[in-house]
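The values are calculated or read from the model by the stated rules, or taken from the named source; none is laboratory data. Because the structure is a prediction, the values reported are computed rather than measured. Ideal geometry is used to build each Cβ from the backbone, glycine not excepted, and the neighbour counts take in all protein chains shown.
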Amino acid sequence: MKKRALTIAALSAALLLGGATVAVVAAQQTQKDVQAQLGRTQKALTESGLARMVSEPYQGTAFGGTQVTTITLMPETADPMVIKLNSRVYNGPFPQGKRFGAATVITDVQFEPGVQAQLDRAFGGQKISLRTDIQFGGHSVTTFNVPAGTITAEGTTTRWQAASGTVRATEREVFSAGQWPGLVIEDQDMRMTLGSASWQMNASQQPDTLGDGKGQFTLASLEAGAPGGQVLKLDRLTVTSTTRSQGPLMSSAVGYGAERLEVAGKTLDKLQLNMTLNNLDRKAMEQLSALTRTRKTPDDAAVNTLITALLKAGPTLVLDRLSVGQGKDEVKFNGQVGFKGAATTDWAAVLDSPELLMGLLDVRLHGEGEAQALNTLAATLAPDPSMAQGLIQAGEENGLLVRRGSRLVTDLNMDQAGLKVNGQPLQ
């Protein structure tokens, strides 16, 4: 797709990101201490590196007040997006004369003039709506809605359906869920259609800036291709992520699953990829995150100190599952990558020597599947399906595959003793 199409797609994605970000900000504005909440939100956004936030002085009376906040998304990029939030706070106990509560916050969203003009045309006069209902005790519920719209620029048309979501905030946790029925981007050379999407996220504060949380994103379908040409199709994509504290350490896991992928005339069913990064030194990760947000070039010595701390903790990248198919048609892999270092290992010296570092590398990979399933997969992926049987036979003859009953198995190990496949040194 041409660059202009990607620009329009990026604008649409930024619009939704802005809506979600605005909702989280609005959800934290309690009548009791608006300024304190804004201060905490400003700190969180700044530390994330994704946004910068500036608030004007709060203007209020016993009945409520107003607050103007400016958020700059992706501030370190060449083309950041600026969003202004104009919030009206209605104090309880019956804000706006309606349901019992501490306050209600109604927020108007305003983009930069050029972007706002495009959105006004795209939305047909409708606006992004944000409403936050705040309970006594500080808990809040924010609902946000992004209108359906159409933008046409330089021959590319982008059409999206209305998106909506909810953000529930407590003192230490935030829960978010939303849905987006779909998006179409097309020009004379390409058409891309995204089906219904939904997401769920929750995060809890920790003493540091990293936090814990988990999220799930689901996309019903994706289809892209040139008119009359081959089409890429993806059905029922699910993406999950989890970050979890474990004392002074932390772990991060990510998973991808798809019901079906069709590309270049080939079809793969039931794809799954799950990976976990374990034993991460939390303090070092926080400091490394802070370094990546600074505009200054990090000092090599400081970076090496943090990497040394990370290596001392014994980080391990685990391939929990890489699989295609299911049941008797499944071919799967699992394994892990780590470092075998003694407690006395001088990691600072190891970093200065690629040979020492490679010598401590420990890699294990296991794969298996029914012989027929592996033959079918090879026939799908090979340039010529007739090559599949010959490739599998060559793998067995060379010791890369071992037959165990009706299954074919492979085990790869690499450590300081070298590379072995099925227990034999690779020649």
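Of all residue pairs spaced 6 or more apart or on separate chains, those with beta-carbon atoms under 8 Å, a first member in segment 387-415 that is small (Gly, Ala, Ser) and a second member that is loosely packed, with under 14 Cβ neighbours inside 10 Å and not in a strand (DSSP E or B) are Ser406/Gln372.
From the list Glu173, Glu186, the one residue that fits, being among the acidic types (Asp, Glu) and surrounded by fewer than 17 Cβ atoms within 10 Å (Cβ to Cβ), is Glu173.
The residues on offer are Thr150, Thr143, and the sole one that is surrounded by fewer than 17 Cβ atoms within 10 Å (Cβ to Cβ), in contact with a strand residue (DSSP E or B) (Cβ under 6 Å, 6 or more places away or on another chain), assigned by TED's automatic domain parsing to the domain that holds Lys84 and not basic (Lys, Arg) is Thr150.
In the set Val105, Val141, only one residue is on the phi < 0 side of the Ramachandran plot, in contact with a helix residue (DSSP H, G or I) (Cβ under 7 Å, 6 or more places away or on another chain) and at pLDDT below 85; that residue is Val105.
Taken over segment 357-384, residues that are surrounded by fewer than 17 Cβ atoms within 10 Å (Cβ to Cβ) and within 23 Å of Thr316 (Cβ to Cβ) amount to 8. Residues of segment 257-267 that are assigned to a strand (DSSP E or B) and either basic (Lys, Arg) or farther than 13 Å from Leu322 by Cα (or both): Glu259, Arg260, Leu261, Glu262, Val263, Lys266, Thr267.
For segment 347-356, residues that are surrounded by 15 or more Cβ atoms within 10 Å (Cβ to Cβ) and either over 33 Å from the mean Cα position of the chain (by Cα) or not aliphatic (A, V, I, L, M) (or both) total 2.
Among the criteria (1) surrounded by fewer than 16 Cβ atoms within 10 Å (Cβ to Cβ); (2) among the β-branched types (Val, Ile, Thr); (3) at pLDDT 90 or above, the one Thr344 does not fulfil is (3). On the given criteria, is Gly125 under 23 Å from Gly211 (Cβ atoms) and either modelled with pLDDT under 80 or outside any strand (DSSP E or B) (or both)? In short, no.
Could you tell me whether any residue of segment 159-173 is assigned by TED's automatic domain parsing to the domain that holds Gly125, closer than 27 Å to Ser289 by Cβ and at pLDDT 90 or above? Taking every residue of segment 159-173 in turn, at least one turns out to be assigned by TED's automatic domain parsing to the domain that holds Gly125, closer than 27 Å to Ser289 by Cβ and at pLDDT 90 or above.
In segment 305-341, the qualifying residues are those that are closer than 15 Å to Asn279 by Cβ and in contact with an Asp or Glu (Cβ under 6 Å, 6 or more places away or on another chain), and the one that is modelled with the highest pLDDT is Gly338. Taken over segment 107-117, the residue count meeting the criterion of being buried (at least 17 other Cβ atoms within 10 Å of the Cβ) and either assigned to a helix (DSSP H, G or I) or aliphatic (A, V, I, L, M) (or both) is 2. Only one entry of Gly247, Gly325 meets the criterion of being surrounded by 14 or more Cβ atoms within 10 Å (Cβ to Cβ) and either over 23 Å from the mean Cα position of the chain (by Cα) or within 27 Å of Pro354 (Cα to Cα) (or both), and that entry is Gly325.
Checked against the criterion of being among the polar types (S, T, N, Q), in a helix (DSSP H, G or I), over 27 Å from Ser204 (Cα atoms) and modelled with pLDDT under 80, the candidates Gln42, Gln96 yield just one match: Gln96. Based on this model, can you work out whether Leu271 counts as among the aliphatic types (A, V, I, L, M), crowded, with 17+ Cβ neighbours inside 10 Å and over 24 Å from Lys420 (Cβ atoms)? Judged against the criteria, Leu271 is a match.
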